1. In segment 150-177, which residues are crowded, with 24+ Cβ neighbours inside 10 Å and more than 22 Å from the chain's Cα centre (by Cα)?
2. Consider only pairs whose beta carbons are under 9 Å apart and that are at least six residues apart or on different chains; among these, list those whose first residue lies in segment 255-284 and is on the phi > 0 side of the Ramachandran plot and whose second residue is among the basic types (Lys, Arg) and open to solvent by 10 Å² or more (accessible area, probe 1.4 Å).
3. Can you tell me which of 293, 271, 305 is within 18 Å of residue 351 (Cβ to Cβ) and over 14 Å from the mean Cα position of the chain (by Cα)?
4. So which residues in segment 268-282 are open to solvent by less than 50 Å² (accessible area, probe 1.4 Å) and either farther than 17 Å from residue 367 by Cβ or among the acidic types (Asp, Glu) (or both), if there are any at all?
5. Would you mention how many residues in segment 181-212 are open to solvent by 80 Å² or more (accessible area, probe 1.4 Å) and over 18 Å from residue 241 (Cα atoms)?
6. Using beta carbons and a limit of 9 Å, which pairs, at least six apart or on different chains, have the first residue in segment 179-199 and more than 19 Å from residue 249 (Cα to Cα) and without any contact (Cβ under 8 Å) to a residue 12 or more places away in the chain and the second one of a type outside the set (Ser, Thr, Tyr) and open to solvent by 60 Å² or more (accessible area, probe 1.4 Å)?
7. Provide a single number: the residues in segment 317-350 that are of a type in the set (A, V, I, L, M, F, W, C) and either closer than 16 Å to residue 266 by Cβ or more than 18 Å from the chain's Cα centre (by Cα) (or both).
8. What strands (runs of 3 or more DSSP E), lying completely within segment 301-399, carry at least 1 residues that are open to solvent by less than 30 Å² (accessible area, probe 1.4 Å) and aromatic (Phe, Trp, Tyr)?
Amino acid sequence: MYGSQFQQLDTMKKTLQFSALLSLFSMTLFSQQPSFKVDVVDNQINIGYGLAIGDVDGDKRLDILLADQKDIVWYKNEGNSWRKYVMASNLTPKDNVCIAARDIDGDGRVEVAVGAMWNPAETRDLSQSGAVFYLVRPKDPTQRWEAVRLPHEITTHRMRWAKVEKNKYQLIVVPLHGLGNVNGEGKGVKVLAYNIPKDPRKPWTTQLVDSTLHLTHNFEVWEDADATKIIIGSKEGGKIVAYQKGQWQTTDSWLGKGYGVGEVRRGVLPNKDTFVATIEPMHGNKVVVFKTNGDFRKVLSEKFNQGHAVVTGDFLGLGYAQIAAGWRNPNADKKVGIRLFVPQDPTGETWQEHPLDERIMMACEDLLAADLDNDGDLDLIAAGRATLNVLVYWNLRIP
């Protein structure tokens, strides 16, 4: 009898030890501290509207591309330094506003498109608001690139390349307003997908992606096995649209419907649920997480001022996503900057906020993540509007 009791006690002891180890493992898993070192790429930009990342010159290193106020530039990744080259200048009388870069022909070098003629107050005259260009690569990418003007909608604002079929890419362009829109009311924003011809100087065809939203701001592309989808942030919320059977199909799928959202980025929680991180409302003060299943909505911060950038990725090597978000105007604490939000439980009920660096100013206009030094972890690249700088936040995580 006593042997049986001692055996039960021994089993209970082992169970408690295992539970303690599991608890310690869980605490360690969710309490990784971020460590980043800031590197100044350029501290003499003019605005820094939009960033892109990709290998420009085919040396197998990711470079940084920037749509600055009047210049489209790229910074050659030389390992420990950056060399700046101007691709195009003064494309229109108004400012540049966005850029998209991706290798779409498999040659190991990115194709580049840009948006310009930024004039958001003009919603009626196409000649005075909005422009889209494809940049034709020269033999030497350090020289000027040829700009091919494409058809456009009013108030061109954001663009990305999307792989919609096995060997087919489209350029997705999202304006800010619809034609004739006043105060966010009127015709919906006409989101277009551009088909690139064999000769990019020849006419491009377009497909309508969606025209139901107002005051759109940013969007996310993801390429599932069954379909390519995008989620568009707008005054009405985040709407999901899918490419199927050769066409873009509008859906009634939303994340955050009824909440105006500006930035939108997807990620995966520790329990493998998919979430979308947003800035709410457009140019707002809140970082918010929605889940793709159910009515889950979690506010992570309300201390931003002109929140303008969100990116997700596994910066800490935890096996699930964290959120980096930035804002561009001084908040109540008279700060601008970037914060990293890390889930503290499997379902995303609690998050820990970390300032990435408070020794250098970053009025964040745009933010991307990429492994710039090929060390297996994600670095952050930020462009500052009022601070007029481009910074790299090198991830110092030890695998």
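1. Answer for segment 150-177, where residues must be crowded, with 24+ Cβ neighbours inside 10 Å and more than 22 Å from the chain's Cα centre (by Cα): just 154.
2. 256/297; 283/328
3. Details: 293 fails: within 18 Å of residue 351 (Cβ to Cβ); 305 fails: within 18 Å of residue 351 (Cβ to Cβ).
Just one listed residue meets the conditions, 271.
4. Of everything in segment 268-282, those that are open to solvent by less than 50 Å² (accessible area, probe 1.4 Å) and either farther than 17 Å from residue 367 by Cβ or among the acidic types (Asp, Glu) (or both) turn out to be 269, 270, 273, 274, 275, 280.
5. 8
6. 197/203
7. Keep residues of segment 317-350 that are of a type in the set (A, V, I, L, M, F, W, C), which gives 318, 321, 323-325, 327, 332, 336, 338, 340-342.
When the remaining residues are screened for being either closer than 16 Å to residue 266 by Cβ or more than 18 Å from the chain's Cα centre (by Cα) (or both), the result is 318, 321, 323-325, 332, 336, 341.
Count: 8.
8. Numbers: elements: 307-313, 322-327, 337-343, 351-355, 364-370, 379-384, 389-395.
Here the list reads 322-327, 337-343, 389-395.
The values are calculated or read from the model by the stated rules, or taken from the named source; none is laboratory data. These numbers were taken from a predicted model, which means no experiment stands behind them. FYI the Cβ positions are ideal-geometry reconstructions off the backbone, even for glycines, and counts take in every protein chain you see. Heavy atoms of the whole protein, side chains included, go into the accessibility calculation; ligands, DNA and RNA do not. Shrake-Rupley method; radii C 1.70, N 1.55, O 1.52, S 1.80 Å.
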